[in-house]
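Right, one structure below, let's go through it.
Only the coordinates and a few stated rules stand behind these numbers; no lab work does. Predicted, not measured: the structure shown is a model, and the values here were computed from it. Note that each Cβ is placed from the backbone with ideal geometry, even for glycine, and that neighbours are counted across all protein chains shown.
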Amino acid sequence: MRAHLSCFVMRAVSDWLSGPCRSWKTYILFRGPQFALERARAAAELTSEMMKDGSWKTTQFKGYNFAPLAGAPPAGGHLHPLLKVRDAFRNIFLHMGFSEMSTNNFVESSFWNFDTLIQPQQHPARDAHDTFFMSAPAAALSAPETYLARVKAMHEATYAYAWKRSEADKNILRTHTTAVSARLLSALAQRCDSGKPWTPFKAFSIDRVFRNEAVDRTHLAEFHQVEGLIADRNLTLGHLLGVLQQFFARLGMSQLRFKPAFNPYTEPSMEVFAFHPMLNKWVEVGNSGMFRPEMLRPMGLPGLPEDVNVIAWGLSLERPTMILYGVDNIRDLFGTKVNLSMIKSNPICRLAIDTPFP
């Protein structure tokens with residue numbers, strides 16, 4: 001058996017050597033600069049530990065891949081439609097020369113949320129079925145005593161009832177961002193009290209507010225409010241109408257109608273309606289008015305000059321977002337029922353922000 005196998009191998013080698021176009025290749029092997037007895041894995045990023053112990057000097061790092069569309073698409077980093085529309089609103093305000101107010105207080109005292117706005121303590125909006133009251137801490141720890149005394153006197157003079165400090169100290173989840181506007185106006189009045197000259201200003205805020213409402217296709221207990229205000233000498237209702245025309249024109253709604261309304265802290269007050277070209281009908285888009293003198297006077301004596309008026313308006317962020325993105329149920333836009341594929345595939349937000357503003 002071995003003899004037959006040896007003869008077979010010798011014959012195969014002989015046939016291969018005698019074949020046509022046979023050539024030999026030779027290779028020279030030597031150690032390169034990265035020769036190692038063990039396989040080393042290149043580091044993907046520079047860490048703080050490498051910086052501390054100095055190992056980054058001898059660590060081999062992976063090279064960057066600048067090829068377009070290389071690798072798997074990122075699974076994160078998508079912007080929610082509300083964030084896109086919020087950024088568009090913010091750019092509109094900034095283009096119009098407004099500055100942004102700080103809105104980091106989700107919890108407010110009833111004093112700042114209601115009393116400073118001359119909203120009576122027996123108003124239905126202050127009941128538990130409309131407002132979320134905090135259980136811990138249930139009451140505010142402090143309040144500006146001088147300002148609080150002036151607000152108390154204004155309430156009792158305006159509505160003829162016994163104002164209670166215990167009601168004003170109750171902590172709540174803020175029901176509107178107008179509480180932020182009240183804080184700003186109060187700070188501005190204190191600035192005037194210190195002897196500094198009056199300077200007009202324009203400010204806006206966009207943030208979450210909370211109301212104890214029944215959840216349905218158009219209402220949530222948590223939503224976003226957009227608010228703008230202008231404070232200057234001798235402002236009138238005509239100035240408010242002009243600013244509203246400019247603001248909503250930048251949203252793509254140039255046809256406006258106004259309806260008289262009631263707000264505890266503005267007089268006159270107006271609901272704003274706009275003809276929306278996408279819906280081909282008139283829709284309510286916001287509320288507006290001029291802050292009442294009863295709200296501004298307690299902020300300081302002399303405080304704000306007597307001829308200073310404040311015009312303001314507000315609207316929700318969810319409604320224009322639902323219109324722009326064709327969302328019929330607000331729970332499909334915000335909350336636990338949101339489809340993540342909608343977050344990943346929604347288009348960019350385009351608003352008519354190029355309208356000139358004088």
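The distance between label points at residue 237 and residue 58 comes to 8.2 nm (points 7 Å beyond Cα on the Cα→Cβ vector). In this rough spin-label picture, where each label sits 7 Å from Cα along the Cβ direction, the residue 25-residue 328 distance is 6.8 nm. Our coupling estimate for segment 268-279, obtained by passing each phi through the Karplus curve with A = 6.51, B = -1.76, C = 1.60 and θ = phi - 60°, is x, 10, 9, 8, 10, 10, 9, 7, 9, x, 6, 8 Hz, Gly and Pro reported as x.
Rounded to the nearest 500, the helix-only mean residue ellipticity at 222 nm of the chain stands at -8500 deg cm²/dmol, with each DSSP H run of n ≥ 4 adding -39,500 (n - 2.57).
For the pair residue 83 and residue 166, what calculated FRET efficiency results from E = 1/(1 + (r/R0)^6), where r is the Cβ-Cβ distance and R0 = 45 Å, to the nearest 0.05?
Details: r = 39 Å, r/R0 = 0.88.
Between residue 166 and residue 83 the formula returns 0.70.
Taking each residue as 0.36 nm, the span from residue 259 to residue 187 lengthens on full extension beyond its C-alpha to C-alpha distance by 22.7 nm.
Could you give the length gained on full extension between residue 340 and residue 282, defined as 0.36 nm per residue of separation minus the Cα-Cα distance, in nm?
Working: separation 58, 0.36 × 58 = 20.88 nm, distance 3.16 nm.
Separation in residues times 0.36 nm, less the Cα-Cα distance, equals 17.7 nm.
Suppose R0 equals 56 Å. What FRET efficiency, 1/(1 + (r/R0)^6) with r the Cβ-Cβ distance, do residue 72 and residue 201 give to the nearest 0.05? Working from the Cβ atoms, E equals 0.70. The ranking of 116, 26, 59 from fewest to most other beta carbons within 10 Å of each one's beta carbon is 26, 59, 116.
Listed from fewest to most Cβ neighbours within 10 Å, the set 107, 226 follows the order 107, 226.
Mean Kyte-Doolittle of at least 0.5 plus a Cα span of 15 Å or more along the axis: flag which DSSP H helices in the chain meet both, please. Correct list, ordered by number: 2-17, 237-249. Counting beta carbons within 10 Å around each of 61, 89 and listing the fewest first gives the order 61, 89. Here segment 230-339 yields Rg over Rh of 1.08, to two decimals, using C-alpha coordinates and the Kirkwood radius. Within the chain, what is the number of lysine pairs with alpha carbons under 18 Å apart, leaving out pairs fewer than eight places apart on the same chain? The number of close lysine pairs in the chain is 4. A Gaussian network model of the chain, with springs between Cα atoms under 10 Å, assigns the largest mean-square fluctuation among 253, 290, 51 to 51.
Extending 7 Å from the Cα toward the beta-carbon at both residue 34 and residue 213 defines two label points whose distance is 6.2 nm. Of all segments of the chain bounded by GluC sites (Glu not before Pro) found in a DSSP loop with no more than 10 other C-beta atoms within 10 Å, the longest spans 46-358.
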